[in-house]
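Beneath this line is the structure, given in structure tokens, with notes to follow.
The values are calculated or read from the model by the stated rules, or taken from the named source; none is laboratory data. As the structure is a prediction and not an experimental result, all values here were calculated from the model. Backbone-built Cβ (ideal geometry, glycine too); neighbour counts: all protein chains shown. Surface areas here come from the heavy atoms of the whole protein model, side chains and all, with no ligands, DNA or RNA. Shrake-Rupley method; radii C 1.70, N 1.55, O 1.52, S 1.80 Å.
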Amino acid sequence: QVQLIESGGGLVQAGGSLRLSCAASGRTSSNYAMAWFRQAPGKDREFVSGISRSGRTTNYLDSVKGRFTVSRDNGKNTVYLQMGNLRPEDTALYYCAARNNIYASTDAKNYDYWGQGTQVTVSS
């Protein structure tokens, strides 16, 4: 069992930055590929970024490439999402997810554990 707790969300102006953190407890998170998803009101949950078990492989939603960076510190059992040049369309509830696999997946159905989410609101 893995428990995931996100933090770092908040209200920011367009063009600003935030860093989200996802702290894992229970089984060591280094056994899991991790990902960030987001869900805006009235929309489906969408994949934002993923990182492999080792941290060597990452992938991103096209609209966040060059603005967001995912990383992990397996010694601290924590995954990060550094978000820059934020846009109003980035406003959503951001979730951390863990998958018992080497690589992340863009499909939410492939994840075994989820956090409760942290709200990111970007004002124009």
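Largest GNM mean-square fluctuation across Arg72, Arg38, Arg19, computed for the chain with C-alpha springs under 10 Å, falls on Arg19.
Computing the accessible area with a 1.4 Å probe over protein heavy atoms, can you report the carbon and sulfur percentage for the chain? Carbon with sulfur: 44 percent of the solvent-accessible area. Summed over the residues of the chain and divided among them, the accessible surface reaches 51 Å² per residue at a probe radius of 1.4 Å. The label point for Asn110 and the one for Asn74, both projected 7 Å from the Cα toward the Cβ, are 1.9 nm apart.
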